[in-house]
């Protein structure tokens, strides 16, 4: 096989991988929305709750950057989450001018329950995979994620 042929196969493989990842992402997003319908949280709010759960307290600006949203949009999002007692604004003890968004117990409970439901869904899908296939998938997804960082 010529070099051009192997590059063509690689290009075709990349196109297939991109398409499958896009479809998988869409399915995960749709399932996530279905799971959230029983909670007082919208999909964008859930993303914000996840960031706060994983990275801890942060300012509106920091959360805006992580979510790729305008600060005004994030402020509105936080206002609604605060009304639903998912988060609270707290002054930074080291700099009283800085206000941080803090995840409350209810927000943490929603994250925990929804993530467990997502994992149960994935576990049901993976029942048709062997242990080796599941391990290989996990290894390759981890490697892909690391390379994308």
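Total residues in segment 1-32 satisfying the condition of being modelled with pLDDT of 95 or more and touching a helix residue (DSSP H, G or I) at 6+ places or on another chain (Cβ under 7 Å): the figure is 0. Scanning for something under 16 Å from the mean Cα position of the chain (by Cα) and within 23 Å of residue 21 (Cα to Cα), does segment 126-142 turn up at least one residue? Scanning segment 126-142, I find at least one residue that is under 16 Å from the mean Cα position of the chain (by Cα) and within 23 Å of residue 21 (Cα to Cα), so the answer is yes. Do we have any residue at all in segment 73-83 that's in the same structural domain as residue 141 (by TED's automatic domain parsing), within 30 Å of residue 141 (Cα to Cα) and touching a strand residue (DSSP E or B) at 6+ places or on another chain (Cβ under 7 Å)? Within segment 73-83 (the criterion being in the same structural domain as residue 141 (by TED's automatic domain parsing), within 30 Å of residue 141 (Cα to Cα) and touching a strand residue (DSSP E or B) at 6+ places or on another chain (Cβ under 7 Å)), the answer is no, since none of the residues qualifies. Among the residues of segment 37-79, those identified as buried (at least 17 other Cβ atoms within 10 Å of the Cβ), in a helix (DSSP H, G or I), touching a residue at least 12 places away in the same chain (Cβ under 8 Å) and over 12 Å from the mean Cα position of the chain (by Cα) are 60, 63, 74, 77, 78. The residues on offer are 116, 143, and the sole one that is assigned by TED's automatic domain parsing to the domain that holds residue 56, without any contact (Cβ under 8 Å) to a residue 40 or more places away in the chain and either under 15 Å from residue 28 (Cα atoms) or in contact with a strand residue (DSSP E or B) (Cβ under 7 Å, 6 or more places away or on another chain) (or both) is 116. Only a single criterion out of (1) without any contact (Cβ under 8 Å) to a residue 24 or more places away in the chain; (2) assigned to a loop (DSSP other than H, G, I, E, B) is not satisfied by residue 34, namely (2).
The values are calculated or read from the model by the stated rules, or taken from the named source; none is laboratory data. No experiment lies behind these values; they were computed from the predicted model shown. Using ideal geometry, Cβ is built from the backbone for each residue, glycine included, and neighbour counts are taken over all protein chains shown.
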